Structures are given as C-alpha cells and as structure tokens.
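Any read-out appearing in this document is the output of simple, stated calculations on the displayed coordinates, not a laboratory observation. Only a predicted model underlies this, so the values are computations on that prediction, with no experimental measurement involved. Backbone-built Cβ (ideal geometry, glycine too); neighbour counts: all protein chains shown.
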Amino acid sequence: MSVSRKIIHIDMDAFFASVEQRDNPKFRGKPLAVGGNTDRGVISTASYEARLYGVKSAMPSKIAKKKCPHLIFAKPNFEQYVKVSNQIKEIFFRFTDFVEPLSIDEAFLDVTENKFNIPSATIIAKKIKKLIKDETNLTASAGVSYNKFLAKIASDYNKPDGLFVIEPKMAVEFIEKLPVEKFFGVGPVTALKMHKLAIHCGLDLKKCDLEFLNRNFGKSGEYFYNISRGIDNRPVNPDRIIKSTGAERTFENDILNINEIITNIEKLAEKVFSRCSKNQNFGKTLTLKIKYSDFKQITRSKTDNFAIDSYDDIMKNALELVDSVDFSYMPVRLLGLQVSNFNNDEIWVPIQLQFDF
C-alpha cells in the first residue's frame, strides 16, 4: 500500500443550526431546525438537540414536527453562513493552499507539505479546530488519514467536536469491520443492493472481485474494489468546480402510476433542495431525467430568469416538466432531478514514506 500523503477532512458540526444558536441565545440548548416551518417545508440542518428526537437534514418539516413537537424553526440566513464559511476557509489557507471544498461547511486539506512544515497532520487538525473555535465560537470535527476516503469517514467518527485518526497500520482492520452504510459513496439504495448480495461490511466487499463489482455496480465497481482495500488516489483538488446539483433514484420495481411518480419527484426535490442549500448554490435551470424500463432515456429542462431557490420553486418547475412527458409510453425505471446554470459555477466548495499522523 502506497502511503505518501497526509489528508485532513474538516466538517463543521450542524453548521447552519450552530450558527443560529451562536447568534441567538434563545435557541441555545434547544431542539432547532433550520428550514421552512410549513407542511411542504424541508429541514436543511438540525441541531444536535433536535437529532436526539430523530430530526435530520432533508426531512420534511411536517415529519420533523411529529418527531419533536416542541421543535423550534429558524429561517436560513445564507448571507451569514457564507460569511462564517469564508472565515473558516481563511483559517484553512493559513496552513495549505491545497483545499478542496465539498460544500459550504466541509473541505479536504492536503497537508503533506504545509506552510509551517509541521510533520504531524494530527497536530495541524488540532490547531485548525482550536482556531475555528477561538475565532468563530463554533466546533468542527476532523478526520485524518492518508487518503480522502478514510479522512472523510474519520471526521464523522466522533462527532460533534471530534478528532479521529486512521493510521496506515490500522486502516485494513478498520475498513474490514466498517458497515457498508458508513462507506463514503454508498447511499441507502446501494447499501440495500449490497445487502442482497451478502455484502454487509468492508471485509465482505473486499472478498468480491473486480468483475463481480463492475457487473453489479457499473462504473462504481472499481471505486468499491479500491476503497475496500484502502486505496484512494484522488488528489485534493483546490480548483474543484461544481456545475450542477442533483439526485436520482433507480427503482427496485418499475413504476407507471402518475401519483407514484409525483411522490418520488417530491422526495427527489427534497434532496436537491437540501443539497443546494448546503452548497449555497442555486441555479436557474431544472432538468428532469427519466429512464424507461427499456432503458430509453429522455430529459426535459426548464430555465427561469432567476435562481430556483426554494423547495416550492423546484416542485413547481418539476411538475411542469412532468406534465410535458408521456408516462403512458412505458414503465419508469429511473427518475432524476438536477439544478444547473448557477450564477457562479465555481464555489469554495493531488516511493512509500513513513511519517507521523
């Protein structure tokens, strides 16, 4: 196994909700949701007090209120979130120019070579966490390892305000015991498919050969093959550009009923809105993707003059696109929604060595 990098993944803890609780004393210590307090509203972020009741991101507000009747709602203040995010970004760049954003509240840092010549990535992660706390009064969780996959998993291991290190010598055993649901890149649908194939943990995945994984998971097969072995050579890319945000779902059984189609469109719209909110990136174009049971694929798009920046706007445009499609043609295998045409495509969103982590 080639070990030549020191990668840190920083993930802010319940970012939107934490900013609201910091700025509004009446919210502190209470279950708080950032998002719309309507029957068609969607939760962007939930505080840790709310998460104890099962409230989580992308959950419809009406469900969240049932889980936590005394839940407090706050309207998103994206201008403030971006301001704080830029403060945190500036802290990252004190240590390295190799910063790759994933969203407004998380990023990868390659600190193999850093501006202070600090030999330990763990020490750097501790310094960054302290600076974030001192300068923003917010907490962040950090994951440290030798590649992006493991660093991302590590940052989620001891949340909130956590720091977890996956050293090369412990990586194999750690991955083998890890449930597939915890693998970065494995969503609920893929996890269910893996379970049906008797793949429940990293060791089960590691036992699968590349041909089997390619046959069952297509272009993701090679990725799963590599990460089950602790291999992830993707560089930390400081020039990462996000051009679209979307979600799609492949159904276990093809669907034809229009009500079922609309129900699934609503679920996709919730995910897309949540992701756009997290990235603080709303576009003017919405695209509906449909794949029929015969694998014929079509897309329909609609462009507005202004950014589509609410769940209601996404649904309004999505339903107009649904109305333009003949669903009597054949049962549907896949549905997808994608937002693009952003005002600013680029958002703050590379010999074996032994060294201290």
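Per-residue extension of 0.36 nm, minus the Cα-Cα distance of E320 and D209, leaves a gain of 35.5 nm for this segment. Sorted ascending by nearby beta carbons within 10 Å, beginning with the fewest, H70, H9 become H70, H9. Were the residues from Y48 through K62 laid out at 0.36 nm apart, the gain over their Cα-Cα distance would be 3.2 nm. Each of V339, V322 was scored by other Cβ atoms within 10 Å of its Cβ. Listed from fewest to most, they are V322, V339.
Counting neighbouring beta carbons within 10 Å and listing from fewest to most, the residues L109, L256 come out as L256, L109. Simple spin-label estimate for M170 and Y157 gives 0.5 nm between the two label positions (7 Å along the Cα-to-Cβ direction from each Cα).
How large is the charge dipole for the chain, taken about the Cα centre, if only the Cβ atoms of Lys, Arg (+1) and Asp, Glu (-1) carry charge, to the nearest 20 debye?
Values: 52 positive and 45 negative charges, 131 e Å.
The dipole of the chain has a size of about 620 debye.
Computed extension gain for H70 through S301, at 0.36 nm per residue and net of the alpha carbon distance, reaches 79.2 nm. Taking 7 Å steps out from each Cα toward its Cβ at S244 and N257 produces label points 3.0 nm apart.
Dipole magnitude for segment 244-342: about 360 debye, using +1 per Lys or Arg Cβ and -1 per Asp or Glu Cβ, origin at the Cα centre. Our helix-only sum for the chain, with -39,500 (n - 2.57) per DSSP H run of n ≥ 4 divided by its residues, gives a mean residue ellipticity at 222 nm of -11500 deg cm²/dmol.
Rounded, prolate or oblate for segment 180-233? Axes are the square roots of the Cα gyration tensor eigenvalues, ordered a ≥ b ≥ c, and the cut-off for rounded is a/c under 1.5. Because its axes are fairly even, with a/c under 1.5, segment 180-233 counts as rounded.
Tell me whether the chain comes out rounded, prolate or oblate; compute the Cα gyration tensor, take square roots of the eigenvalues as a ≥ b ≥ c, and use a/c under 1.5 as the rounded threshold. Since a/c reaches 1.5 but b/c is at least a/b, the shape of the chain is classed as oblate.
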